[in-house]
Every structure is written in structure tokens, then in C-alpha cells.
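Trainee: Pasting a structure below so you can have a look.
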Amino acid sequence: MSWSYQYNPAIWPSIFTILLLTMLAVYAWRRRSLQSARWFVIYCLLSSLFLSAKVIEFLAVEFETKIFWFNVEYPWLMPGTTALTCFILDYAWPGRWVTRRSLILLSIVPLMGFGLTFTNQFHHLLFKGYDFNGDVVPLYGPVGWLFLVYNLGLRVISITALAWLFIRSPQHRLPAVLILLAETMVGAALVFDPYIEESRFLYIPEKTLPVVASAIALF
């Protein structure tokens, strides 16, 4: 790998999104006494790490370098989704669903993701290889497909909790609808991700919509 990079002005929406996520994380941390605020901070920080690696991948010239940065960004995807799910569960029913036991269970798959990503070259359980359509497209192995299903499953849990909140708590209906719409759009983007030219939007909707909707709900 030559580690060569080429500037592209298309990165600026992503840069502004990273700045937005960082500012909201700082703002929420100063108000961390609010219910679910700590989960919101974690989600913002993990999303910033993911998107930062995505930007560097986009700027990389060689395909091998892009693959390296894809493997750097991928492990942050599931912890970010898990943090958002914990935020939603804690927001919908404080202290009921986000317990020490549930956190241990929810942390198993993200930790496996970290381990399998950096050892994939030895077993190819996560990715069988990589394709390129202007961006890196992973060719999922058997565990990769399970992780994708797990990610979508977390979003189903979040949507179910928000639907429950919408029905049971009239004063929370507006924020519940906002996050519901964001989660549904992100889930759809995740399913159709291999068919989308990421160079045109660099995960902006996937990271901006949930965090803005969650910020409105929280503050």
C-alpha cells in the first residue's frame, strides 16, 4: 500500500456531520444527569469514529488502502447501533430494559465484531472478499450475514419500543415519531447499502437523522 490520498470536496458534508456529532456529545455530556443522555453521548462519539474512518477511506487512492480503512470503520458500526438501541430503550422505559444483564448480552456481538474484523484474513467468516463500485463493498461471509441480521434486529427492537412509547405516552408521541422515521430510513439504507454510491452522501443520512431526532427527544 502506498497510503496515498486525494482531496475531494465531497467530504465536507461528512466533516460538518462529525463536528455536529462532537458538539452534541459535549452538549449532552454537560447535561448527563438527564435520562439516557450518557447513551446519547456514546452514540455520538462512536458515530464520529465511524464517519471519520469512512472519510479517510473515501480519500484513499488505492483499493488496498480503502480496504484497510473499511476494516477500521466497520467495528464501530455495531457498537453505535447498540448504543442507540440502549438510548431508545432507556428513553422509552427508564431503568426497565437497560440493565447490567442486558448490557452484558448486548456487548457480546460488538466485541465479536472487533475480534473477527482484525482476524478475518485467517478465516474469512466475516468477509469472503471485497468488491468496488466507487467504494468498498464487502462480500459477506456466514458470520457477516449474521451480524447484518443482528444490526437490523436491534433496529426492530428500537422501533418496537418506540411504537410502545407512542401508544402508552401521548406526551412522547412527537419525539417517538421522529426517531421512528429516522430508524426506519436508516434500516432501509442498511439493507440497500451495497446498491448505493456512498461517494454521493458518505453515510450522512444514516448518522445525521437518528442523532438529530434523538437530540430533539432528549432536550
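The values are calculated or read from the model by the stated rules, or taken from the named source; none is laboratory data. Values in this document were obtained by computation on a predicted structure and should not be read as measured data. Counting neighbours? That spans all protein chains shown, and the Cβs are built from the backbone with ideal geometry, glycine included. To get the accessible areas, we keep the full protein, side chains included, count just its heavy atoms, and leave off ligands, DNA and RNA. Shrake-Rupley method; radii C 1.70, N 1.55, O 1.52, S 1.80 Å.
Trainee: For the chain, give the magnitude of the charge dipole about the Cα centre (Cβ charges: +1 Lys/Arg, -1 Asp/Glu; no others), in debye to the nearest 20. It would help to have the intermediate numbers written out before the result.
Mentor: On the way: 15 positive and 12 negative charges, 234 e Å.
My answer is approximately 1120 debye.
Trainee: Hey, another quick one. First compute the accessible area of the stretch 1-146 with a 1.4 Å probe, then give the percent of it belonging to carbon and sulfur atoms.
Mentor: Percent of accessible area from carbon and sulfur atoms in the stretch 1-146: 68.
Trainee: Report, by chain and number, residues whose modeled amide H sits under 5 Å from the one on TYR130, excluding near sequence neighbours (fewer than 5 apart, same chain).
Mentor: Result for TYR130 returns LEU139.
Trainee: Rounded to whole Hz and in sequence order, give me ³J(HN,Hα) for the stretch 6-19 from the Karplus expression 6.51 cos²θ - 1.76 cosθ + 1.60, θ = phi - 60°, writing x for Gly and Pro.
Mentor: Going residue by residue, I get 10, 5, 9, x, 5, 6, 5, x, 5, 4, 5, 5, 4, 4 Hz, with x marking Gly and Pro.
Trainee: When a/c reaches 1.5 or more, the comparison of a/b and b/c decides; with that in mind, is the stretch 79-188 rounded, prolate or oblate per its Cα gyration tensor?
Mentor: It comes out oblate by the Cα gyration axes.
Trainee: Also, quick follow-up: Rounded, prolate or oblate: which one fits the stretch 1-120, using the alpha carbon gyration tensor with axes a ≥ b ≥ c (rounded when a/c is under 1.5, else prolate when a/b beats b/c, else oblate)? Mind dumping the intermediate values first?
Mentor: Working: a/c = 4.01, a/b = 1.57, b/c = 2.56.
Taking the square roots of the gyration eigenvalues as a ≥ b ≥ c, the stretch 1-120 is oblate.
Trainee: How much mean residue ellipticity at 222 nm does the chain get from its helices, if each DSSP H run of length 4 or more adds -39500 (n - 2.57) and you divide by all residues, to the nearest 500 deg cm²/dmol?
Mentor: On the way: 9 runs with 153 residues, N = 219.
Computed ellipticity for the chain at 222 nm equals -23500 deg cm²/dmol.
Trainee: Another one. Which residues make up the longest stretch of the chain that has no GluC sites (Glu not before Pro) in a DSSP loop with at most 13 other Cβ atoms within 10 Å?
Mentor: Excluding the exposed sites themselves, the longest stretch runs over 63-196.
Trainee: Which Cα, out of THR184, LEU174, SER33, lies furthest along the positive dipole direction of the chain (beta carbon charges, K/R +1, D/E -1)?
Mentor: SER33
Trainee: Tell me the net charge near VAL98. Cut-off is 14 Å between Cβ atoms, VAL98 excluded, with +1 for each Lys or Arg and -1 for each Asp or Glu. The partial results should precede the final answer.
Mentor: Values: positive: ARG38, ARG96, ARG100, ARG101; negative: ASP90.
Net local charge, VAL98 excluded: +3.
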